[in-house]
1. When only residues in the stretch B:152-171 that are small (Gly, Ala, Ser) and within 15 Å of B:Arg210 (Cα to Cα) count, which is surrounded by the most Cβ atoms within 10 Å (Cβ to Cβ)?
2. If I filter the stretch B:200-214 for residues that are over 23 Å from B:Lys254 (Cα atoms) and either outside any strand (DSSP E or B) or among the acidic types (Asp, Glu) (or both), do I get at least one hit?
3. Determine which single condition B:Ile197 fails, assuming it passes every other condition in (1) in contact (Cβ under 8 Å) with a residue 40 or more places away in the chain; (2) touching a helix residue (DSSP H, G or I) at 6+ places or on another chain (Cβ under 7 Å); (3) β-branched (Val, Ile, Thr).
4. Identify, please: which residue in the stretch B:242-257 is surrounded by 20 or more Cβ atoms within 10 Å (Cβ to Cβ) and under 9 Å from the mean Cα position of the chain (by Cα) and is, among those, nearest to the other protein chains (Cβ to nearest Cβ)?
5. Does the stretch B:24-32 contain any residue that is of a type outside the set (Gly, Ala, Ser), over 17 Å from the mean Cα position of the chain (by Cα) and either on the phi > 0 side of the Ramachandran plot or in a loop (DSSP other than H, G, I, E, B) (or both)?
6. How about the stretch B:154-170: which of its residues are within 18 Å of A:Met2 (Cα to Cα) and either away from chain A (no Cβ under 14 Å) or at pLDDT below 95 (or both)?
7. Could you name every one of the strands (runs of 3 or more DSSP E) located completely within the stretch B:34-104 that has at least 2 residues being more than 14 Å from chain A (Cβ to nearest Cβ) and either over 25 Å from A:Lys14 (Cβ atoms) or of a type in the set (Phe, Trp, Tyr) (or both)?
8. Please identify the pairs in which a residue from the stretch B:116-130 that is more than 14 Å from chain A (Cβ to nearest Cβ) and closer than 22 Å to B:Ala96 by Cβ has its Cβ atom under 6 Å from the Cβ atom of a residue that is of a type in the set (D, E, K, R) and loosely packed, with under 14 Cβ neighbours inside 10 Å, counting only partners at least 6 apart or on another chain.
Amino acid sequence: KMSQRNITSFFKPK
Amino acid sequence: MFEARLISATILKKILDAIKDLLNEGTFDCSDSGIQLQAMDNSHVSLVSLTLRSDGFDKFRCDRNISMGMNLGSMAKILKCANNDDTVTIKAQDNADTVTFMFESPNHEKVSDYEMKLMNLDQEHLGIPETDYSCVVRMPSMEFARICRDLAQFSESMLICCTKEGVKFSASGDVGSANVKLAQTSSVDKEEEAVSIEMQEPVTLTFACRYLNAFTKASPLSGQVQLSMSADVPLVVEYRIQDLGHIRYYLAPKIED
């Protein structure tokens, strides 16, 4: 089973 | 005062088509270098980054930096009112709460303007780190769109596997499995038809078909698409907009639980 990561777990707010 | 003019409304229609399925609204940040938009989709899985350089416009004036929050559904309604060969001018006063879209027919005999209310959006800009990607694939944008559409029938996820031999797209589900392999082209008549691969290390990643299919709405903007991949980081799907800028989509990979 694959789970979807969020983009915010890679790119942080400036 | 902000004013930006494009000779053809087509390009703006295509840009909007490329983002409106993913985003309900977006903030257009305008400065003297051009227009930028960065926004996540509602579920925060992907990020859209649009750059339009000021030198790509027929006319561009931006006295003070302004951020214009727009409802993209409303913008789409307005752009529907433009003919493809109309000139489009986007205008706003400093600190204004509205933006005006003006359309002019090629013979200047019909001029229409549409004023739209701006929105105050909570905008959170994400920092995108500079990355040396393990694999960069360039391929015809229509081919990529076709593969995404075809494979989405088999599964909600798609595996992209890139080696120096080529790039393989795979999906498997209840119906069965599908594999599409593309080799690097040796010679092509047109540059747009080429498939090229720059590989430092082989990469295999899994992505949601739904988002990839949404990104392919940008295909009319460019003959080629570029896919940049490294293990465990978001995929970048880039469409260049000739003489004007680019649109990049970042998609977080799926991982094994």
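The values are calculated or read from the model by the stated rules, or taken from the named source; none is laboratory data. From a predicted model like this one, the values you see are computed outputs, not experimental measurements. All Cβ positions, even for glycine, are placed from backbone atoms using ideal geometry, and neighbour counts span all protein chains on display.
1. The qualifying residue surrounded by the most Cβ atoms within 10 Å (Cβ to Cβ) is B:Ala171.
2. Checked the stretch B:200-214: no residue is over 23 Å from B:Lys254 (Cα atoms) and either outside any strand (DSSP E or B) or among the acidic types (Asp, Glu) (or both).
3. Here B:Ile197 clears every test but (2).
4. B:Tyr249
5. yes
6. Across the stretch B:154-170, the qualifying residues are B:Phe154, B:Cys161, B:Phe169.
7. B:59-62, B:87-92, B:98-104
8. Pairs found: B:Leu118/B:Asp97.
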